[in-house]
Each structure stands twice: as structure tokens, then as C-alpha cells.
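**Student:** What follows is a structure written as C-alpha cells; I'll ask about it next.
Any read-out appearing in this document is the output of simple, stated calculations on the displayed coordinates, not a laboratory observation. Nothing here was measured: the structure is a model prediction, and the numbers come from that model. Note that each Cβ is placed from the backbone with ideal geometry, even for glycine, and that neighbours are counted across all protein chains shown.
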Amino acid sequence: MQDTHRIQETYPQEGIDSKAYLLCFLRRIPYMLLIGLTGAIIGSGLYLLIAAINNRTTVYMQETEYYIDFAPGRIDAKDYYNAFTWNDVMGTDLIMDTMMEVLGDTYSRESVKEMITADILSDVRYLTITVQGEDEKKVEAVSSAVQEALTALGSREDLFDSITLIEDNGVKPAPRPYFTWRAAFLGFLIAVCIEIFRFSICFGIEDTFYTKKQIRQRLNIPVLGLWYQLDNHHDGEEELQTSLAVQSVMNQDVIFVDIINGNYAEQFYEQYTSIFSSKENGSLQTISYPIIRQEEYDKLENANVILVIPFGVPCANQAEDIVCELQRRNCHIAGAVLTNCNYKWVKAYYNKFSTERGK
């Protein structure tokens, strides 16, 4: 009888099979891209919803451009009036005093300051003033006051010959910046990262067999071979080797035990008997867990069994329990067969990444 404590001791010492992880990850990429696409749709949708809520009120703007004619010989004026200083200048008494005289008491100095933005886009002689606000008439009034204040500044200060309005785009609704593609990309990235994290955690604690080595390590039983999915195209060499290995332990009646109720044992039985005749096989039976009939329990007592374990199906914990139960019933576990394997996955795992075919 096999040592039932060996199973419990072996499993905690196992590490993550990096080759199996990589192959499962590569198979998961299309699904991850689909998750990312869903995240992109959700991200862009949420952004548009938030933008629509925040932009319920129309904002108006008026953009004007002024030409600054500096006084001859006053090169130092450009040190005081340039792209870095005009925004501050617009909020000083030099400008605001004149503007408030024009606007009157119905406007507050602070609210007017907040409406004005000054930019030097290239040449220091060209000043762009943008006035924004929720009231179209106020925007127009403040823009007119800016014009009077700048014209007065150009006439009053000896650093300038003049400051002249050269372009007025009029009052119009301010364009609303939408960054939907950024929100979509961020949603895609977040969704993919979450899925990669979830996949990694699940793989680390996964209750699944992908290789013969995993079965040997976790269940401490011999592995007779593997069997591919019916629709996989291959030469059948692996199935023949598995069948020969199964035949080598057929010195008495054998029960193929399906560790989950998925008809895997019956499928394997049918395919196996297509290679070896019933005479050569002797007495063969299949039993699927969970067992609900007493007569099937009775058959397992002191029986010679082969476990049929499906590839990539969560069943490792159940397999451990079944092995312990079979050992308790004094069954001889001749080995296990990893069935329903994906041919391309197995070929990549053993041939491309490892030189040991039977690893």
C-alpha cells in the first residue's frame, strides 16, 4: 500500500512550472485582448459620461491678438513683458485699474482675473488674450475692457510705442477637449493588467494538471502516458506508447477510474480497445466519480485501477482525495493516463522547451 502521507508532503514543495505558465499565458492572450477591449469600451464610456456631466454648462470664449510695438532702444522691455510675465501683468493694477473703471461695480476684480489668460505663442510682439466665462455678454464686456486697458498701457508706458488690436475672433462657445482615446487606452491597460494579475494568481493556486510531471509530483503515482483530443491532428505515436504502457500492467482485471464525471474514462476505454482487442484486454471496466452506487464501491475493493485524468480541467484536489480513498480500499493504482490533451500545447511544452520528452 502506498504511503498516503507522501501526497501531502510533496505538494507544498512544488514550484510553479514556468514553461506550463508561459504556454497557458500565450493561449490566454486572445482572451486577454478581449478583456482589454472591454476595458477600453468601459473606460471611454465612463469618460464621456463624466465629461458630459461636467460640460452641461456652455462656456464662451473670445480670443484677441495684439501687436506690441516696443519703444526704440528699449530692449530691456522684453525682459519685463514676455511669455512668462504677461499672465501676471494682466492681474496687476497697471491693467486691472483701467478695466474696472470700464466695467463698473457689477464686476469683481477677482472674477475678472480668473476669466483672462495671456499667451505669447511665438514672437514676443504678438500677445494673445483669451477671455472665458459662462455668460456670453460678460465675456464680450471683459474682452472690450482688456482692449481699452492694453491700448492705454501702450500709450502710457514709455517702454512701448503702442499696443494695437490686430485680430478679434469674436465670442463663441469654447471647444470642449475630449480625450476619449486616452481613457480607452487607460481602460485597456488597466483591464489587461488586472487579467494578467488574476491569471497569475489563479495559475499559482490552480487545481489543474497539464503535464505528466505534475501528476507524478502531486499524486505520487506512475504516469503511463497521455492521450490527445480526438480532433487534434497527429501521428498517433504517443497514443500507441500509452496503450503499450497500459497493456504492460494488464496482468489482471483493470478498472479505469474517471476522477470527474466527464466521460473521460469511457472515451479512453473506447479508444484503447480500438488498438487492443477485447481478448488481449481481459476484463475492463470504467467507473466515474462521484460514485453513487454501492456496487461500484464494492468493485473498487482490492481492485487494479488506472486513473484517467483530463488535461487542463480543475480536478487536482479531487484527484488527491480519490487516490487516498483508493489506497484506503487496498486498491493497486497501476498508474494514471493524462487524457484529452491539446496536441500543440504538449508538443510546444516537450519539444520546443525541453529535450526530455517524458519529463
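**Student:** If you take the residues in the stretch 74-103 that are aromatic (Phe, Trp, Tyr) and more than 14 Å from Ile116 (Cα to Cα), which one is nearest to the chain's Cα centre (by Cα)?
**Tutor:** For the stretch 74-103, the residue satisfying everything is Phe84.
**Student:** Are any of the residues in the stretch 115-125 part of a helix (DSSP H, G or I), under 45 Å from the mean Cα position of the chain (by Cα) and within 30 Å of Ala51 (Cα to Cα)?
**Tutor:** First, pick out the residues of the stretch 115-125 that are part of a helix (DSSP H, G or I): 115.
Among the residues that remain, those that are also under 45 Å from the mean Cα position of the chain (by Cα) are: 115.
Filter again for within 30 Å of Ala51 (Cα to Cα), leaving 115.
Checking the stretch 115-125: at least one residue is part of a helix (DSSP H, G or I), under 45 Å from the mean Cα position of the chain (by Cα) and within 30 Å of Ala51 (Cα to Cα).
**Student:** Within the stretch 75-101, can you find the residues that are assigned to a helix (DSSP H, G or I) and within 15 Å of Val142 (Cα to Cα)?
**Tutor:** Restricting attention to the stretch 75-101, the residues satisfying the condition of being assigned to a helix (DSSP H, G or I) are 77-80, 86-89, 93-101.
Residues satisfying the conditions are Ile95, Met96, Asp97, Thr98, Met99, Met100, Glu101.
**Student:** Run down Arg109, Arg125 and say which single residue is closer than 27 Å to Thr57 by Cβ and either of a type in the set (Lys, Arg) or in contact with a Cys (Cβ under 9 Å, 6 or more places away or on another chain) (or both).
**Tutor:** Exactly one of Arg109, Arg125 is closer than 27 Å to Thr57 by Cβ and either of a type in the set (Lys, Arg) or in contact with a Cys (Cβ under 9 Å, 6 or more places away or on another chain) (or both), namely Arg109.
**Student:** Spot the failing condition for Ala149; the list is (1) surrounded by 19 or more Cβ atoms within 10 Å (Cβ to Cβ); (2) closer than 20 Å to Ala77 by Cβ; (3) touching a Phe, Trp or Tyr at 6+ places or on another chain (Cβ under 8 Å), and only one is missed.
**Tutor:** The one condition Ala149 does not meet is (3).
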